[in-house]
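Values in this text are rule-based calculations from the coordinates and carry no lab data. Quick caveat, the model's predicted, so the values are computed rather than measured. Heads up, the Cβs are rebuilt from the backbone with ideal geometry, glycines too, and the neighbour counts pull from every protein chain shown.
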Amino acid sequence: MKHLDPAYRSALIVSAVLNLLMFFIEGGVGWWIGSTALLADAIDFFEDSGIYALGVLALAWPAQRRAWAGLGVGYAMYGVGFVAVAQVIARLIYGGMPAPWPMAETAAAALAVNAYCAYRLSPHKHGDASVRSIWLSTRNDTVVNALTIVTAGAVALLAKAWPDLAAGIIIAAINLWGAWQIVAQAHGELRRNA
């Protein structure tokens, strides 16, 4: 019953607010400089703010409804992965190279936010599909932000757009892999709790 810990509820609320704020900040910068990686990550921030809010609502739900919540999060992660793929395709069609320094600075801010959320949520990383999906999403985001910082350096060093495109593909793959794990766990819990 770790999901009933008041510290977990508090961590979810703080994470929801921070992620919604970063959706607007990172999305705005990503759109302004034309970064596939930042736009993909901004969409992920929006998805995560919803995941955290759903996590707060699901705290008092019975096991089967919590499994449905985990399943919903898994499908949302699929959505983020497919949107990231669409961003990469659009960038391949329309071209353009992002400005590396605003990209790196924004990714560093995103990394700080996600690392803080991961720190707050780390005591609660084991549990049912709802709890685990929240942890996996947060952990993946921290990895993605570190990747985006490295990508910005590669864009600056090489003066080419392909590192940004490659990062967009990796972000998509991370989200799709995490989604598969959560959906599989949630389906298992639904069968057990039927």
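Counting only Cα atoms, I'd like the Rg/Rh figure for the range 66-117, Kirkwood definition for Rh. Walk me through the intermediate numbers first.
Values: Rg = 15.4 Å, Rh = 13.6 Å.
For the range 66-117, the value is 1.13.
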Mind pulling up the Rg/Rh value for the chain? Radius of gyration and Kirkwood radius, both on Cα.
1.01
Hits for the chain under the membrane-span-like helix rule (DSSP H, Cα axial span at least 30 Å, Kyte-Doolittle mean at least 1.0) are 6-33, 36-58
Kindly provide the helix-only [θ] at 222 nm of the chain, computed as the sum of -39,500 (n - 2.57) over DSSP H runs of four or more divided by all residues, to the nearest 500 deg cm²/dmol?
-30500 deg cm²/dmol
So how far apart, in nm, are the two label points at K125 and Y75 if each is 7 Å from Cα heading toward Cβ?
2.8 nm
Could you size up the charge dipole of the chain around its Cα centre, putting +1 on the beta carbon of Lys and Arg and -1 on that of Asp and Glu, and report it in debye to the nearest 20?
560 debye
Quick one: Cα centre-to-centre distance for the range 46-60 and the range 124-194, in angstrom?
17 Å
